[in-house]
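The block underneath contains the structure these notes are about, expressed in structure tokens.
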Amino acid sequence: MAQKVFDQLAFRERTRREVLQKSDLMPSLPDLVMKILSLLNDGSADLSEFENLLRRDTTLVARMLRVVNSPFYGMARQITSIKEAVLVLGFRSLRGLVLAASTAPYLEQDFACYGFEGKGLWTHSLAVASGARTLSK
């Protein structure tokens, strides 16, 4: 019994060290993402400021337009402008989209130290976020 407890504690300590070592490998969020998040937190920013920032990242704009034009939003017409997309999404959904788009490439790596392979950590993160959102309502 004591050996089993010791083995579990040793495993936890090895895992903790491995996670701490790998946490330094995670890059910080890009400056553009930080500026967008800052604007979202500001509350007094206008749509043209978002448009000017978002225009710099065509991949993010394409993803945003794909989301707002999906059946989920049920728009009667195709949304083609950044301003319209921001209005349809709203600030909360835009924040989630920006964070998801900017962190996905890092979380889709192999994080065996967390007990996940391939996109396992990304999938787990999405499930936890979804659960947290449901609990907060």
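The values are calculated or read from the model by the stated rules, or taken from the named source; none is laboratory data. Computed from a prediction, not measured in an experiment: that's the story for all the values here. Positions of Cβ are backbone-derived with ideal geometry, glycine not excepted, and every protein chain shown enters the neighbour counts.
For the reader, a short list of remarks on this structure follows.
- A single entry from 56, 95, 63 fulfils the requirement of being over 25 Å from residue 130 (Cβ atoms) and either touching a Pro at 6+ places or on another chain (Cβ under 7 Å) or of a type in the set (Lys, Arg) (or both): 56.
- Only listed residue being more than 19 Å from residue 39 (Cβ to Cβ) and modelled with pLDDT of 85 or more, chosen from 133, 77, 63, 92: 77
- Verdict on residue 29 being under 17 Å from residue 129 (Cβ atoms), modelled with pLDDT under 90 and not in a helix (DSSP H, G or I): yes
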